[in-house]
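Colleague: Just passing along the structure, written as structure tokens.
The values are calculated or read from the model by the stated rules, or taken from the named source; none is laboratory data. Predicted, not measured: the structure shown is a model, and the values here were computed from it. Note that each Cβ is placed from the backbone with ideal geometry, even for glycine, and that neighbours are counted across all protein chains shown. The area values use the complete protein model at the heavy-atom level, side chains included, leaving out ligands, DNA and RNA. Shrake-Rupley method; radii C 1.70, N 1.55, O 1.52, S 1.80 Å.
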Amino acid sequence: MEKREFLFTSESVTEGHPDKVCDQISDAVLDECLRQDPRSRVALETAVKTGLVVLLGEITTRATIDYSTIVRRTVERIGFTEGAMGFDARSCAVITAVERQSPEIAMGVDRVEPGEQGAGDQGMMFGYACDETPELMPLPIALAHRITRRLADVRRGELKWLRPDGKSQVTVEYRDGQPASVQAVVVAAQHDEAVATGTLREAIRAEVIDKVVPAELRAPDMKCWINATGRFVIGGPLGDSGVTGRKIIVDTYGGMGRHGGGAFSGKDPSKVDRSAAYAARWVAKNVVAARLARRCEVQIAYAIGVAEPVSIMVETFGTALAPEKRIEEAVRAVFSLRPAAIIEGLQLLRPIYEKTAAYGHFGRSEPEFSWENTDRAQALREATGLHAKAA
């Protein structure tokens, strides 16, 4: 990273944000397909607006899916359970327009030979890791996710006048390539009509921001904007429409790392938009965990129907302890990035995806997030000729 001072900002959204509602519904359907039939092929988008959920896409599966039940269960878990919110799990309409996967796509993906499964589409995927946080994620997005998670926790606990929709934004000052202080925090939290704005702002500052942002990281003049317009009663699908796949930067690295453009939710792991992006994070995190670099970005590219990646690139932004070419060669030696190998190595045929669809797909500690494992770090050090034990 360039040795200068600058500000960098990342945002997160809560599970009740309309786009995230859609991501979670799409992934809940995917999970049920995989639970009954691990060979399911799923490409499902969801759209929501006041009182309405629309499912559309392509699914090929032996599973029997009750779409309405899955939608209502997911919306209820998120917290839209009253008609006064403009969206109610019990009464919302559910419309489905779902067909089978194109046989021309299936032809390139399903192969008889073990390990020869082709990529479900062309495209490039990026993974990123850095040593700014224990989870090896950029600090701005890590803090933004912690704030939105905390909003959900207090909504279900001490601040029951909060509602499911919300956003956070964190601005971090960098000096000489490293985070130095948090300069600004922005929170927008949907709330019950009866709560006073002053009460809300005091509670969010005390119970959310101050509980998340460490005191030693707060700039002396750290600015906090909480519900800057004063009120946020109309939210969720009543306030804005939602569509699967519109929060791809929230889902990844908050803008700090590049993005190939493909969304994750609603896609089974034969789609490299999802599985290869997870694999790229796995590789990048292991490079940083191995102390081969302080920052690492990995790009993988595929052609539809072809198992072997078209290209693999490793970028360390001048922070590497070994030549990048040697790190790249070590990555190729230690990781197989063919779709079938990724799916097997990361156990991606499990019904684990609804949990990924809010608060980011990366930097998570739950056991389902296998791409967060640093199980190949020592092998990478050995492959580069650096034999000291990795972190």
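Colleague: Quick check on the range 134-144. Is at least one of its residues modelled with pLDDT of 95 or more, open to solvent by 30 Å² or more (accessible area, probe 1.4 Å) and among the β-branched types (Val, Ile, Thr)?
Modeller: Of the range 134-144, the ones modelled with pLDDT of 95 or more are 134-144.
Applying the additional criterion that residues be open to solvent by 30 Å² or more (accessible area, probe 1.4 Å) yields 134-135.
Among the residues that remain, those that are also among the β-branched types (Val, Ile, Thr) are: none.
For the range 134-144, residues modelled with pLDDT of 95 or more, open to solvent by 30 Å² or more (accessible area, probe 1.4 Å) and among the β-branched types (Val, Ile, Thr): absent.
Colleague: Limited to the range 25-40, what total is found for residues that are open to solvent by less than 20 Å² (accessible area, probe 1.4 Å), touching a residue at least 60 places away in the same chain (Cβ under 8 Å) and in a loop (DSSP other than H, G, I, E, B)?
Modeller: So the count comes out to 1.
Colleague: Here is a further query. Quick check: anything in the range 260-276 within 19 Å of Leu346 (Cα to Cα), assigned to a loop (DSSP other than H, G, I, E, B), touching a helix residue (DSSP H, G or I) at 6+ places or on another chain (Cβ under 6 Å) and among the aromatic types (Phe, Trp, Tyr)?
Modeller: So far as the range 260-276 goes, yes, one or more of its residues are within 19 Å of Leu346 (Cα to Cα), assigned to a loop (DSSP other than H, G, I, E, B), touching a helix residue (DSSP H, G or I) at 6+ places or on another chain (Cβ under 6 Å) and among the aromatic types (Phe, Trp, Tyr).
Colleague: Being in a helix (DSSP H, G or I) and aliphatic (A, V, I, L, M) is the filter here, so list the residues in the range 130-148 that pass it.
Modeller: At the first step, the residues of the range 130-148 found to be in a helix (DSSP H, G or I) are 139-148.
The answer is Leu139, Ile141, Ala142, Leu143, Ala144, Ile147.
Colleague: For the range 277-331, enumerate the residues that are basic (Lys, Arg) and under 18 Å from Asn373 (Cα atoms). Steps first, please.
Modeller: Of all residues in the range 277-331, those basic (Lys, Arg) come to 281, 285, 291, 294-295, 325-326.
The answer is Arg281, Lys285, Arg291, Arg294, Arg295.
Colleague: The conditions are (1) under 29 Å from Val54 (Cα atoms); (2) acidic (Asp, Glu); (3) in a strand (DSSP E or B), and Asp153 fails exactly one of them. Which is it?
Modeller: Of (1) under 29 Å from Val54 (Cα atoms); (2) acidic (Asp, Glu); (3) in a strand (DSSP E or B), only one is false for Asp153: (3).
Colleague: Cβ-Cβ below 9 Å, separation at least six or inter-chain, first residue in the range 378-391 and closer than 15 Å to Val288 by Cβ and modelled with pLDDT of 95 or more, second assigned to a helix (DSSP H, G or I) and open to solvent by 50 Å² or more (accessible area, probe 1.4 Å): which pairs?
Modeller: Ala379/Ala333; Leu380/Ala333
Colleague: All but one of (1) of a type in the set (Lys, Arg); (2) in contact with a strand residue (DSSP E or B) (Cβ under 7 Å, 6 or more places away or on another chain); (3) part of a loop (DSSP other than H, G, I, E, B) hold for Lys223, so report the exception by its number.
Modeller: It is condition (3) that Lys223 fails.
Colleague: Of all residues in the range 284-311 being surrounded by fewer than 24 Cβ atoms within 10 Å (Cβ to Cβ) and within 18 Å of the chain's Cα centre (by Cα), which is farthest from Cys130 (Cα to Cα)?
Modeller: Gln299
Colleague: Continuing with the same structure: Out of Asp121, Asp110, Asp88, which single residue is acidic (Asp, Glu), surrounded by fewer than 21 Cβ atoms within 10 Å (Cβ to Cβ), in contact with a helix residue (DSSP H, G or I) (Cβ under 7 Å, 6 or more places away or on another chain) and modelled with pLDDT under 95?
Modeller: Details: Asp110 fails: in contact with a helix residue (DSSP H, G or I) (Cβ under 7 Å, 6 or more places away or on another chain); Asp88 fails: in contact with a helix residue (DSSP H, G or I) (Cβ under 7 Å, 6 or more places away or on another chain).
So the residue among Asp121, Asp110, Asp88 that is acidic (Asp, Glu), surrounded by fewer than 21 Cβ atoms within 10 Å (Cβ to Cβ), in contact with a helix residue (DSSP H, G or I) (Cβ under 7 Å, 6 or more places away or on another chain) and modelled with pLDDT under 95 is Asp121.
Colleague: Could you list, in sequence order, the residues of the range 135-193 that are within 20 Å of the chain's Cα centre (by Cα) and free of Cβ contacts under 8 Å to residues at least 12 places away in the same chain?
Modeller: Asp153
Colleague: Looking at Gly230 and the list (1) assigned to a strand (DSSP E or B); (2) touching a helix residue (DSSP H, G or I) at 6+ places or on another chain (Cβ under 9 Å); (3) open to solvent by less than 30 Å² (accessible area, probe 1.4 Å); (4) under 18 Å from Leu151 (Cα atoms), which single condition is not satisfied?
Modeller: It is condition (1) that Gly230 fails.
Colleague: Output yes when any residue across the range 41-56 is over 30 Å from Ala293 (Cβ atoms), assigned to a loop (DSSP other than H, G, I, E, B) and either in contact (Cβ under 8 Å) with a residue 60 or more places away in the chain or not aliphatic (A, V, I, L, M) (or both), and no when none is. Write out each step before concluding.
Modeller: Keep residues of the range 41-56 that are over 30 Å from Ala293 (Cβ atoms), which gives 41-56.
Adding the requirement that they be assigned to a loop (DSSP other than H, G, I, E, B) leaves 50-51.
With the extra rule that they be either in contact (Cβ under 8 Å) with a residue 60 or more places away in the chain or not aliphatic (A, V, I, L, M) (or both), the set shrinks to 50-51.
Yes, the range 41-56 contains a residue that is over 30 Å from Ala293 (Cβ atoms), assigned to a loop (DSSP other than H, G, I, E, B) and either in contact (Cβ under 8 Å) with a residue 60 or more places away in the chain or not aliphatic (A, V, I, L, M) (or both).
Colleague: Scan the range 265-284 and report the pairs whose first residue is within 14 Å of Cys33 (Cβ to Cβ) and touching a residue at least 40 places away in the same chain (Cβ under 8 Å) and whose second residue is assigned to a helix (DSSP H, G or I) and open to solvent by 10 Å² or more (accessible area, probe 1.4 Å), with Cβ atoms within less than 8 Å and a gap of 6+ or a chain change.
Modeller: Lys267/Asp273; Pro269/Ile343; Ser270/Ile343
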